[in-house]
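What follows is one structure encoded as structure tokens, with my remarks underneath.
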Amino acid sequence: MIDFLPHLDKNAAYIWACYGLGLVLIGGAVIGVVLKARAAKSALGRMNVSDEDAS
Amino acid sequence: MGMLSAFANPHRFLALSNWLAPLFYALGAALIGWGLWQGLWIVPKDEYQGGDIMRVMFIHVPAAWLAMASYSAMAVASFTWFIWRHELADIAAKAIAPLGATWTALCLATGSVWGKPTWGTWWQWDDARMMSVLFLLFLFLGYMALRAAMDSRQKAARAGAILAMVGGLNVPLIKFSVDMFTSLHQDSSVITSEGPKMAAVYLWPLLMSGLGHSLLFGALVMTLMRAEIWTRRAARQRARLLAGA
């Protein structure tokens, strides 16, 4: 076992599974939200350019 | 009412969230990291709570708090939209739903994994706490599906608001389910009428972790709200361009 990791008892697999789930779900939420916001902002930017071209 | 209108201004919200969201991301990540370090490395294991498995508490309990708090926030935002028709309240309710579903799923999944070594089962279908939280997840998913099924934004906001407000009745049911019904789940040990029953060595990391999750959740809601405001602005511009063409 890698030395810097905490030394847990027989239930270590369950504990790591829970923290792994947290990493996947929360990390996934952060990435998804940031990507969605970036896409929305660039879509608005493109609309602004189209608006200026039209006027 | 005037104060509510002042906060409901999308321009003011964009200006405020522009610096508040990054601050919440940073503080939230720092507190969650500190809670993780305390929970996994520092606090002593509690043999009464099954040994090291109690360390799951530092992710499961904040997820459970966020699941209930986020649904309550969605119901309040929906009520605000329903009464005063503030667009920002509808945007907030819409932003909370997928994130609330994420934290509720995390609560259910970590609870299930914790249950196996503690109770000898992943799931108990007649357990009031487990079933009421599962119902909460279905409420979040149902809210999103209902909104997506509507053909106009106004109809989506109205149908979603009604579901969110009615579903709010489930939140106190979750909280008091362990007192009212038989449940494998232990009784409340932090938010009780007599105050916290937990030792300070566990309570502080748990509270800080809960605060960290709340700040991160707040930052994500603000980011999604900003995205929704930009999306609605782009849609309005598109409509204006098409009308002018």
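The values are calculated or read from the model by the stated rules, or taken from the named source; none is laboratory data. Nothing here was measured: the structure is a model prediction, and the numbers come from that model. All Cβ positions, glycine included, derive from the backbone under ideal geometry; neighbour counts span all protein chains shown. Accessible surface areas use protein heavy atoms only, side chains included; no ligands, DNA or RNA. Shrake-Rupley method; radii C 1.70, N 1.55, O 1.52, S 1.80 Å.
What tally of residues in segment B:195-206 results from selecting those that are open to solvent by 60 Å² or more (accessible area, probe 1.4 Å) and either more than 30 Å from B:G39 (Cα to Cα) or assigned to a loop (DSSP other than H, G, I, E, B) (or both)? Residues that pass the stated criteria total 2. Can we say A:G22 is more than 9 Å from chain B (Cβ to nearest Cβ) and either closer than 17 Å to B:P62 by Cβ or in contact with a Lys or Arg (Cβ under 7 Å, 6 or more places away or on another chain) (or both)? No; evaluated as a whole, the condition is false for this residue.
Scanning segment B:114-145 for residues that are farther than 17 Å from B:T104 by Cβ, more than 14 Å from chain A (Cβ to nearest Cβ) and either without any contact (Cβ under 8 Å) to a residue 60 or more places away in the chain or basic (K, R) (or both) yields a count of 2.
In segment B:163-189, the residues that are without any contact (Cβ under 8 Å) to a residue 40 or more places away in the chain form Cβ pairs under 6 Å with partners that are among the charged types (D, E, K, R) and open to solvent by 80 Å² or more (accessible area, probe 1.4 Å), at six or more places apart or across chains, as follows: B:S189/B:K197. Among the residues making up segment B:31-58, those that are over 19 Å from the mean Cα position of the chain (by Cα) and hydrophobic (A, V, I, L, M, F, W, C) are B:W34, B:L36, B:W37, B:L40, B:W41, B:I42, B:V43, B:I53, B:M54.
Do we find a residue being assigned to a loop (DSSP other than H, G, I, E, B) and either open to solvent by 40 Å² or more (accessible area, probe 1.4 Å) or away from chain A (no Cβ under 12 Å) (or both) anywhere in segment B:233-245? Checking segment B:233-245: at least one residue is assigned to a loop (DSSP other than H, G, I, E, B) and either open to solvent by 40 Å² or more (accessible area, probe 1.4 Å) or away from chain A (no Cβ under 12 Å) (or both).
Taken over segment B:9-29, residues that are more than 20 Å from B:W84 (Cβ to Cβ) and exposed (fewer than 14 other Cβ atoms within 10 Å of the Cβ) amount to 6. You will find that of B:I42, B:I59, the residue that is in contact with a Ser or Thr (Cβ under 7 Å, 6 or more places away or on another chain), touching a residue at least 24 places away in the same chain (Cβ under 8 Å) and of a type in the set (A, V, I, L, M) is B:I59 and no other.
Residue-by-condition table, conditions (1) among the polar types (S, T, N, Q); (2) open to solvent by 50 Å² or more (accessible area, probe 1.4 Å); (3) at the interface with chain B (Cβ under 8 Å from one of its Cβ atoms):
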site: A:I15; (1), (2), (3): no, no, yes
site: A:G27; (1), (2), (3): no, no, no
site: A:G45; (1), (2), (3): no, no, no
site: A:D53; (1), (2), (3): no, yes, no
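Under the condition of being more than 7 Å from every other protein chain (Cβ to nearest Cβ) and of a type in the set (G, A, S), which residue from segment A:29-43 is nearest to B:H213 (Cα to Cα)? Within segment A:29-43, the match that is nearest to B:H213 (Cα to Cα) is A:G32. Is it the case that segment A:11-29 has a residue that's farther than 30 Å from B:W114 by Cα, modelled with pLDDT of 95 or more and assigned to a helix (DSSP H, G or I)? Checked segment A:11-29: no residue is farther than 30 Å from B:W114 by Cα, modelled with pLDDT of 95 or more and assigned to a helix (DSSP H, G or I). Per the conditions (1) of a type outside the set (G, A, S); (2) touching a residue at least 12 places away in the same chain (Cβ under 8 Å); (3) out of contact with any helix residue (DSSP H, G or I) (no Cβ under 8 Å at 6 or more places or on another chain), the sole criterion not satisfied by B:Y48 is (2).
Looking only at segment B:129-167, residues that are of a type in the set (A, V, I, L, M) and open to solvent by less than 20 Å² (accessible area, probe 1.4 Å) come to 7 in all.
Scanning segment B:43-82 for residues that are modelled with pLDDT of 95 or more, at the interface with chain A (Cβ under 10 Å from one of its Cβ atoms) and either on the phi > 0 side of the Ramachandran plot or open to solvent by 30 Å² or more (accessible area, probe 1.4 Å) (or both) yields a total of 0.
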